[in-house]
Structure formats: structure tokens, C-alpha cells
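Report on one structure; see the data block that follows.
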Amino acid sequence: LELESGDLLPFKQRAKNHRTITFSMKLAPGETSQYFLRIETSSSLQVPVRVYTELAFAEMTRSENTFFGAFYGIFLVMILFNLMLWFSLKDSTYLILVCYLASYLAMQFGLSGDGHRYIYSNYASYGNTLLPVNMFLGFYFGFMFCRKFLLLAEYLPRYHSIFRGFEVFRFSLA
């Protein structure tokens, strides 16, 4: 029996509806079996191989979903709060922070596998494109936010120029 999975296949072709690549195995108690794993990639890869019982897998999935739900929820609250601050105060620093938080959240959503699961499940190659774009935007807006929030232009003009140089350099890499 040969099973195939990966981030370039549509999500519905996975063995389980889970954010990571999973396979089901049926073994009787005390039975041993050999499995071979062939991995091919054109990018970086981590391969933590774990074996769970169905019950342990369900518990682990519940814990993960709770954690990621709280993580995404906190980020969404931070984005909405800072967006409301920007609307009321008209300070561009808050808009830059919103852009940073949104790009970081999108990057984490893609890294965790939830982006593939919930947003671009039928367009698998989008995840491989959106991840580096969101990483780039996160660095870009992060440097921009630090420069604006710390008022480097007023208090430390030399560091302002260095941070601006980082922004231009990051943008030139795109």
C-alpha cells in the first residue's frame, strides 16, 4: 500500500482532516510492522514522526486546536483594537502595527498548516507563495513600526537611517 500526501495536493486528499500530514495505520495489539517514508522537497522541511492511538491523536488535536484558536483570537483582537485606535487617532503608527500583526498572523496561519486547511485548500501552491510574501511583509512592517514608534527620526537620526536602510534592503529583495 502506497500513500501520498503533501502541501501541493488538495487538502481533501489527506488521510485525515488535520493541519499536518497524517496517515492512518491499523495494527492489532502486539503486532509489528515496517513502514518506509520517502520525503521529497524543494524547500526546508521538518519531519517529526509520531505514532498515536486514535484516542491520543484526538486529545492532541483538541489541545492543538484550543491553543491555535486562542493564539489566532488574541491576534485578531489586537488587530481590531489597533485598527480602532488608528481610526480614532489617525496616527499612522497604529496602521503600520495592524499591517505587521496581520502579516505575522497570516505567516503563522500558513506555517501551522491551517491556511492550507481553511483558506486555500483547493489551491495548494498558494501556501508556498504566500508564506514568503507574508514573512517579507512582517519584516518590512516590523522595521517600519519600530522606526515610527521609537521616534528614531527625532531622537536617534543615525538609527533612523539604519532602520530605513533595512526597510529599503528588505523591499529590494522582493
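The values are calculated or read from the model by the stated rules, or taken from the named source; none is laboratory data. The structure presented is a predicted model; accordingly, all values stated were derived computationally and were not measured. Please note: Cβ atoms are built from the backbone with ideal geometry, for glycine as well, and neighbour counts cover all protein chains shown. Heads up: the accessible areas ignore ligands, DNA and RNA and are worked out on the full protein's heavy atoms, side chains in. Shrake-Rupley method; radii C 1.70, N 1.55, O 1.52, S 1.80 Å.
Can you tell me which residue is farthest from residue 142 (Cα to Cα) among those in the range 160-170 that are out of contact with any Lys or Arg (no Cβ under 7 Å at 6 or more places or on another chain) and either of a type in the set (Ser, Thr, Tyr) or touching a residue at least 12 places away in the same chain (Cβ under 8 Å) (or both)?
For the range 160-170, the residue satisfying everything is 161.
What are the pairs, 6+ residues apart or on separate chains, where a residue within the range 109-129 that is of a type in the set (A, V, I, L, M) has its Cβ under 7 Å from a residue that is exposed (fewer than 15 other Cβ atoms within 10 Å of the Cβ)?
Every condition considered, the pairs that remain are 124/8; 124/9; 124/10.
Given the criteria in a helix (DSSP H, G or I), loosely packed, with under 14 Cβ neighbours inside 10 Å and touching a helix residue (DSSP H, G or I) at 6+ places or on another chain (Cβ under 9 Å), does residue 172 qualify?
Details: in a helix (DSSP H, G or I): yes; loosely packed, with under 14 Cβ neighbours inside 10 Å: yes; touching a helix residue (DSSP H, G or I) at 6+ places or on another chain (Cβ under 9 Å): no.
Answer is no for this residue.
Would you be able to say whether some residue in the range 141-151 is hydrophobic (A, V, I, L, M, F, W, C), over 24 Å from residue 73 (Cβ atoms) and at pLDDT below 90?
yes
With the condition kept exactly as written, say whether any residue in the range 138-146 is exposed (fewer than 15 other Cβ atoms within 10 Å of the Cβ) and either of a type in the set (S, T, N, Q) or free of Cβ contacts under 8 Å to residues at least 24 places away in the same chain (or both).
Scanning the range 138-146, I find no residue that is exposed (fewer than 15 other Cβ atoms within 10 Å of the Cβ) and either of a type in the set (S, T, N, Q) or free of Cβ contacts under 8 Å to residues at least 24 places away in the same chain (or both), so the answer is no.
Does residue 26 qualify as being in a helix (DSSP H, G or I), open to solvent by 70 Å² or more (accessible area, probe 1.4 Å) and among the charged types (D, E, K, R)?
The answer is no for residue 26.
Hey, can you tell me all the residues within the range 11-23 that are open to solvent by 100 Å² or more (accessible area, probe 1.4 Å) and among the polar types (S, T, N, Q)?
Once the filter is applied, which keeps residues that are open to solvent by 100 Å² or more (accessible area, probe 1.4 Å) and among the polar types (S, T, N, Q), the range 11-23 yields 13, 17.
Grab the helices (runs of 4 or more DSSP H) fully contained in the range 41-125, keeping just those with 3 or more residues being open to solvent by 90 Å² or more (accessible area, probe 1.4 Å) and within 30 Å of residue 143 (Cβ to Cβ). Can you show your working first?
Details: elements: 54-89, 92-112, 114-118.
In the range 41-125, 54-89 are the helices (runs of 4 or more DSSP H) which contain 3 or more residues that are open to solvent by 90 Å² or more (accessible area, probe 1.4 Å) and within 30 Å of residue 143 (Cβ to Cβ).
Could you tell me whether the range 151-159 includes any residue that is touching a residue at least 24 places away in the same chain (Cβ under 8 Å) and assigned to a helix (DSSP H, G or I)?
For the range 151-159, residues touching a residue at least 24 places away in the same chain (Cβ under 8 Å) and assigned to a helix (DSSP H, G or I): absent.
Take the conditions farther than 22 Å from residue 9 by Cβ, of a type in the set (Gly, Ala, Ser) and touching a residue at least 40 places away in the same chain (Cβ under 8 Å) and apply them to residue 73. Does it pass?
The answer is no for residue 73.
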